[in-house]
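The values are calculated or read from the model by the stated rules, or taken from the named source; none is laboratory data. Keep in mind that this is a model prediction, so the values were computed, not measured. Neighbour counts are summed over all protein chains in view; Cβ atoms, including those assigned to glycine, are modelled from backbone coordinates with ideal geometry. What goes into the accessible areas is simple: the full protein's heavy atoms, side chains included, and nothing from ligands, DNA or RNA. Shrake-Rupley method; radii C 1.70, N 1.55, O 1.52, S 1.80 Å.
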Amino acid sequence: MAYSSGHTGHPSRRSMILGSAAIGATAVTALSSCTEAPAEGGADGDLEWDEASGGYVMEEEVATGKAPLTLWVEYEEYGDAIVSAFQDVHPDVKIDVEIVAKVDAGERMALDGEAGSGADVFTLQYDQLSSAIDAGTAAPIGQYEDALTERSGPVFAAAVSREGAMHGVPIATESIALFYNRTLLKSLTGSEEPATTWEEITDLAASYNDSAANTWTIRFLAGEMYYAYPVLSSLGWRLYPDGDLEDPQLDSSELTAGLEYFASLRDIWDVNSADATYDSVENEFAKGETPYVITGPWAFGDFDPAAESLGFEYGVTTLPTAADGGAALSLAGLSVAVVSGYTPYPAAARVLADFMASDAGAEALYSSIGAVPALTPELSSSIEGLADDEHAQGVLAQSQNSDLVEEIPAYMYTVGNALVTQVWDGILEVGDAQSQAQTDYQNLSSLGE
């Protein structure tokens, strides 16, 4: 995803990507049943490891430039940057870059990989990884595991691990977070420090909200589970806590408590879910008259020029919690580099995938498209420009405080969005909405839709 925080780029909508990713994952799952696992890239037991360099020894054809590696990435700017950085270290290696959207890569690899025309390394959203493993297109990364875990941290490492083995390299992360207008808060409260709880936001709303003037203390997309989830998780609910897609815990008491609390927030953002749109959230914050919004890094491209033009400063921080709850976990996104199970060059492919998570790889990512590298906050400080980018650091902080669910089917978003909409808009009581959600989930999951 290209976006801007003082960089070039364009804003994109995370909710659109989530739906597309889930649909793509469903398609790959259907294909995997007729695909046999490949032999070349699926294991690393026969690959030579160089202890001195801490990496695999590339196949001679690749190391000498006789055979190129094929890399699929989503953005041309990133592809050019990663190739340039890699060739600074391995000048003889040739890399052919093809632009393939992450939401399409898994499905394409399930066909092209077997046909011998796929990538050696490709990028995916992490929640498509299980389907790629089933299809035989995602190979284990082998002896890079420990180093990558140290660099990315346990949360990201766990998100790309299946049955005790890492099958992807964490590259970039994104998450919704709490965006706040420092200048406006200072004038309203005497302090530019953001709220840490919903109760603090409610207190400010008591004096600042004016529904007749369309003046609100906080704005967010109230009809989407993706935005409700931090509230629900703060009250103890987790989606698929045991990884069982047949049991999304829609009848749990923790979800009941979370939904009741979520419904109470209608008092401070009193609009129907259909009216909580991009325009009413991001565009209104860009006017400089809304203290808080919940959105993601795709909004940087709108907020940066607006703040400069109107003379306000904004910050990004972790999401608010319920005062009597726990941490507000977001459903963060994670882009991963995957070694193809079909690659004829499993050593070289692993070297490239690992490089994409190195300091040089992270710098190529950040400098080219402004994406936030999936590194620990400590290591991110070593990336030129990133340490001083407080907006990106705020997103990274929330991403480290996220719930990276292994697989979320498209129909879960259909059901989840309907559930939070019915509660927010007062269409159903919480218990009735949960019962309806369970029925809808069972019906849709049986159809695989």
Report yes if some residue within the stretch 345-361 is open to solvent by 20 Å² or more (accessible area, probe 1.4 Å) and charged (D, E, K, R); otherwise report no.
yes
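Which residues, counting only those in the stretch 238-254, are without any contact (Cβ under 8 Å) to a residue 24 or more places away in the chain and either in a helix (DSSP H, G or I) or among the aliphatic types (A, V, I, L, M) (or both)?
Matches in the stretch 238-254: 253, 254.
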Can you name the residue in the stretch 167-184 that is surrounded by 23 or more Cβ atoms within 10 Å (Cβ to Cβ) and hydrophobic (A, V, I, L, M, F, W, C) and, of all such residues, is farthest from residue 393 (Cα to Cα)?
169
So residue 197 clears everything in (1) crowded, with 17+ Cβ neighbours inside 10 Å; (2) in contact with a Ser or Thr (Cβ under 7 Å, 6 or more places away or on another chain) except one condition, right? Which one?
(1)
Sort through 210, 247 and tell me the only one that's under 27 Å from the mean Cα position of the chain (by Cα) and open to solvent by 50 Å² or more (accessible area, probe 1.4 Å).
247
With the requirement that a residue be within 11 Å of residue 219 (Cβ to Cβ) and in a helix (DSSP H, G or I), what does the stretch 260-312 give you?
275, 278, 279, 280, 281, 282, 283, 284, 285
Given the structure, is residue 315 surrounded by fewer than 20 Cβ atoms within 10 Å (Cβ to Cβ) and either of a type in the set (Phe, Trp, Tyr) or under 21 Å from the mean Cα position of the chain (by Cα) (or both)?
yes
Is it the case, given these coordinates, that residue 343 is farther than 19 Å from residue 282 by Cβ, among the polar types (S, T, N, Q) and more than 15 Å from the chain's Cα centre (by Cα)?
yes
Scan the stretch 330-382 residue by residue and report those that are closer than 21 Å to residue 296 by Cα and among the hydroxyl-bearing types (Ser, Thr, Tyr).
330, 335, 366, 367, 368, 376, 380, 381
Restricted to the stretch 289-306 and to residues being surrounded by 18 or more Cβ atoms within 10 Å (Cβ to Cβ) and closer than 11 Å to residue 184 by Cβ, the residue nearest to the chain's Cα centre (by Cα) is 292
I'd like the full set of residues that are within 23 Å of the chain's Cα centre (by Cα) and surrounded by 18 or more Cβ atoms within 10 Å (Cβ to Cβ), limited to the stretch 78-96.
78, 79, 81, 82
The listed residue being at pLDDT 95 or above, under 20 Å from residue 412 (Cα atoms) and β-branched (Val, Ile, Thr), out of 281, 231:
231
Looking at the stretch 118-149 only, could you name the residues that are of a type in the set (D, E, K, R), without any contact (Cβ under 8 Å) to a residue 60 or more places away in the chain and either open to solvent by less than 10 Å² (accessible area, probe 1.4 Å) or more than 19 Å from residue 346 (Cα to Cα) (or both)?
none
Let me confirm something: among 407, 390, 378, which residue is surrounded by fewer than 19 Cβ atoms within 10 Å (Cβ to Cβ), acidic (Asp, Glu) and touching a Ser or Thr at 6+ places or on another chain (Cβ under 7 Å)?
407
For the stretch 215-226, state whether one or more residues are surrounded by 13 or more Cβ atoms within 10 Å (Cβ to Cβ), among the acidic types (Asp, Glu) and under 21 Å from the mean Cα position of the chain (by Cα).
yes
Could you check the stretch 362-441 for helices (runs of 4 or more DSSP H) lying wholly inside it with 2 or more residues that are of a type in the set (A, V, I, L, M) and more than 18 Å from the chain's Cα centre (by Cα)?
410-424
Failed item, numbered, when residue 257 is tested on (1) modelled with pLDDT of 95 or more; (2) hydrophobic (A, V, I, L, M, F, W, C); (3) in a loop (DSSP other than H, G, I, E, B); (4) over 27 Å from residue 278 (Cβ atoms):
(3)
Residues 227, 180: which one is in contact with a strand residue (DSSP E or B) (Cβ under 7 Å, 6 or more places away or on another chain), outside any helix (DSSP H, G or I) and either basic (Lys, Arg) or over 30 Å from residue 148 (Cβ atoms) (or both)?
180
